[in-house]
Each structure stands twice: as structure tokens, then as C-alpha cells.
1. With the calculation restricted to Cα positions, what are the radius of gyration and Dmax of the stretch 24-93 in angstrom?
2. Between residue 20 and residue 89, what is the spin-label point distance in nm, taking each point 7 Å from the Cα along the Cα→C-beta axis?
3. Return the Cα extents of the stretch 15-54 along principal axes one, two and three, sorted largest first, each rounded to a whole Å.
4. Can you give me the Cα centroid spacing of the stretch 8-29 and the stretch 49-94 in angstrom?
5. May I ask you to order 10-22, 73-85 by the average number of other C-beta atoms within 10 Å around their residues, highest value first?
6. Which whole-number percent gives the relative contact order of the chain, counting Cα pairs below 8 Å spaced six or more residues apart?
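What follows is calculated from the coordinates using simple rules that are stated; it is not laboratory data. Everything numeric here is computed off the predicted structure, so don't read it as measured data. Positions of Cβ are backbone-derived with ideal geometry, glycine not excepted, and every protein chain shown enters the neighbour counts.
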């Protein structure tokens, strides 16, 4: 979901961010047992502010998940501007 919020030179896959999706994902992760508890803590720390509409950690969150998955291309560089995000939404979800 973070692709909607961040600039990266390469992106693949996208899922529109909605409050409902964020809250549901946060709740599912809270109730799930992870092999590595640090992964659960990281995911919850990324998503918790998102539940209230605060996406200021989207670059750091994207890159934490990207690193966790062994990312080699597509590192987030900065937040998208509101105009860039609207364009991304229109191009990918409308």
C-alpha cells in the first residue's frame, strides 16, 4: 500500500490505501503470531499512525518492509506530494 504515498524509481504492485484496509491489516497483525516478534513490532509501528491518517512514516515504513523482504530495487526516496499522490491514484485505481 505504501506505493501510493512514496516516490521510488521502480514500483510494482499496488493496493489503494483506505482507512478500512489499514485498520483491518493492523488488527490482523495484532492477532497474528510471527516467527520473529521483531517483524510484528515493525509492521505495527508502521501501521499504527496510519490508522489515524498519519502517513509521515511511509518512506521509513516502506523501506523497512522492503529491506525485510530483501529488496534490491524500488527503495522509497521521499513522500509523494499531494498532487503526485492524486495522479498515482488516478492512474492506478480509477
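1. That works out to 13.6, 39 Å for Rg and Dmax.
2. For the pair residue 20/residue 89, the computed spacing is 1.6 nm.
3. Principal extents (largest minus smallest coordinate, Cα): 28, 16, 15 Å.
4. Here the answer is 9 Å between Cα centres.
5. My ranking of the peptides, most packed first, is 73-85, 10-22.
6. Working: 92 pairs, mean separation 40.4, N = 94.
Across the chain, relative contact order equals 43 percent.
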